[in-house]
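Encoded as structure tokens, the structure appears first; notes follow it.
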Ligand SMILES: Cc1ncc(C[n+]2csc(CCOP(=O)(O)OP(=O)(O)O)c2C)c(N)n1
Ligand SMILES: [Mg+2]
């Protein structure tokens, strides 16, 4: 089932709003991770508003799909999307990373409505997602589990342990999505820890690999549809993205992985994000 043009436009519009709102709150709170939040915008939007069977009014439904944001530092984008889904008031975003806020710097399943798995330490999300997927299968549910990983996060050995296990257990209701932006905290992925041919690596671990444009809603939705067809093996979507997408001076820069946004930078960022809203 391909995404309709109307739905695609709707999701693209949401992404423009999400980018502006996230940059606004990161500037206001002088905190956060702009680069990885901007790069994962379309991936999370396609998941929550197209692929996954998740609604706030049946948040406890055992048969709902699950989404694990393993690259937990992109929490601001996740929170904005959960608010849009109705899990909490978007105004709560102003409390980001303050004491006693439900919206901490990394997602917490105990305190934040809509968060299925706590994350922050990189490398844990895929194992957790696999455990959820196998548990759901034991319960006779056909719910899917989606795990969103960073490409730098793939340096973690636990990711590859989970890959081996997912293939062994034939977890075809598990989809990993890699935010493949080529940049991590200290530099490019090539500089820090070259991972070689990711598609060949995942295939060698027994996974089905699908590549797509991670900023193109139609491409992402097509990849998510394809992953649902997988029979007997888990699937991974390698989604090509740009770290800091949408703000020219942040794009592709590891220096914008996580630092406060200054006054002039904020003005320019908003100008660019507003201009895009006018043109499209
Ligand atoms: C185990 C662990 N080591 C280090 C960190 C600090 N850290 C947070 S984000 C990050 C870089 C992640 O890069 P990547 O996965 O490529 O994320 P993205 O580019 O999508 O922001 C690092 C090293 C962490 N959170 N957990
Ligand atoms: Mg990265």
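The values are calculated or read from the model by the stated rules, or taken from the named source; none is laboratory data. As the structure is a computational prediction, the values presented were derived from the model and not from experiment. As a convention, Cβ positions derive from the backbone with ideal geometry for all residues, glycine included, and neighbour counts pool all protein chains shown.
Once region 107-122 is narrowed to residues that are within 16 Å of ligand 1 (Cβ to nearest atom) and touching a strand residue (DSSP E or B) at 6+ places or on another chain (Cβ under 9 Å), the residue that is farthest from residue 37 (Cα to Cα) is 117. One residue alone among 122, 154 is under 15 Å from the mean Cα position of the chain (by Cα), within 30 Å of residue 24 (Cβ to Cβ), modelled with pLDDT of 95 or more and crowded, with 16+ Cβ neighbours inside 10 Å, and that residue is 122.
The residue of region 249-280 that is surrounded by the most Cβ atoms within 10 Å (Cβ to Cβ), among those that are in contact with a helix residue (DSSP H, G or I) (Cβ under 6 Å, 6 or more places away or on another chain) and at pLDDT 95 or above, is 269. Comparison of 120, 125 shows that the only residue that is within 16 Å of ligand 2 (Cβ to nearest atom) and out of contact with any helix residue (DSSP H, G or I) (no Cβ under 6 Å at 6 or more places or on another chain) is 125.
Yes/no matrix, rows are residues, columns are (1) within 18 Å of residue 146 (Cβ to Cβ); (2) out of contact with any strand residue (DSSP E or B) (no Cβ under 8 Å at 6 or more places or on another chain); (3) away from ligand 2 (no atom under 16 Å from the Cβ):
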{"position": "165", "(1), (2), (3)": "yes, yes, yes"}
{"position": "197", "(1), (2), (3)": "no, yes, yes"}
{"position": "203", "(1), (2), (3)": "no, no, yes"}
{"position": "238", "(1), (2), (3)": "yes, no, no"}
